[in-house]
Amino acid sequence: MRVKQEVPELYGILASSGMLCARFTKIRQPDGSMKIGPGVSNHSWGAALDINLGGKLDPQGNNKTQRGLLILSTYFNAAGWYWGAAFPVEDAMHFEASRSLLARWKAAGEL
């Protein structure tokens, strides 16, 4: 809600590109190919989402980010989410619920 009020032009172009999709983790390789990881993705449980801006995804692993995702990260961090831009393979479109946020959801009976 804060983003809608404080940065309406950003809010107007936000869209999800992946949440509640049961799958294994995916990691883009330096050659551009995708490797399926060993673990189940947190997207499978709705604890992670990928965001596109105006229909454009931020490419994983290029060590860059869209300006709107940088702005959005402050709102997500304040709400207890962490940002995939700091992952070993940068994934700036990815936001994931922190353990403390998951614990709060569990304590509130929301999980």
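The values are calculated or read from the model by the stated rules, or taken from the named source; none is laboratory data. Treat the numbers as computed from the prediction; the structure is a model and nothing was measured. When we count neighbours, we look across all protein chains shown, and the Cβ atoms used for this are built from the backbone with ideal geometry, even at glycine. Please note that ligands, DNA and RNA were not included when accessible areas were found on the heavy atoms of the full protein model with its side chains. Shrake-Rupley method; radii C 1.70, N 1.55, O 1.52, S 1.80 Å.
Odds and ends about this structure:
- When Rg and the Kirkwood Rh are both derived from Cα coordinates, the Rg/Rh ratio for the chain amounts to 0.97.
- Size of electric dipole in the chain: Cβ of Lys, Arg +1 and of Asp, Glu -1, about Cα centre, debye, nearest 20: 160
- FRET efficiency, Ser17 to Asn62 (Cβ-Cβ, R0 22 Å, nearest 0.05): 0.85
- The residues neighbouring Lys26, those whose beta-carbon lies less than 10 Å from its own, together hold a net charge of +2 under the Lys/Arg +1, Asp/Glu -1 convention.
- Nearest-10 value in Å² for the accessible area of Leu57, using the 1.4 Å probe: 90
- Formal net charge of residues neighbouring Leu111 (Cβ-Cβ distance under 14 Å; K, R +1; D, E -1): +2
- The residues neighbouring Gln60, those whose beta-carbon lies less than 15 Å from its own, together hold a net charge of 0 under the Lys/Arg +1, Asp/Glu -1 convention.
- Lys pairs under 21 Å by Cα in the chain, provided they are eight or more residues apart or on distinct chains: 6
- Charge dipole of the chain about the Cα centre (unit charges at C-beta), most positive-ward option of Gly61, Trp45, Asn77: Trp45
- Between Cys21 and Ser44, Gly46, the built amide H atoms are under 5 Å apart, and every one of these is 5 or more places off in sequence or on another chain.
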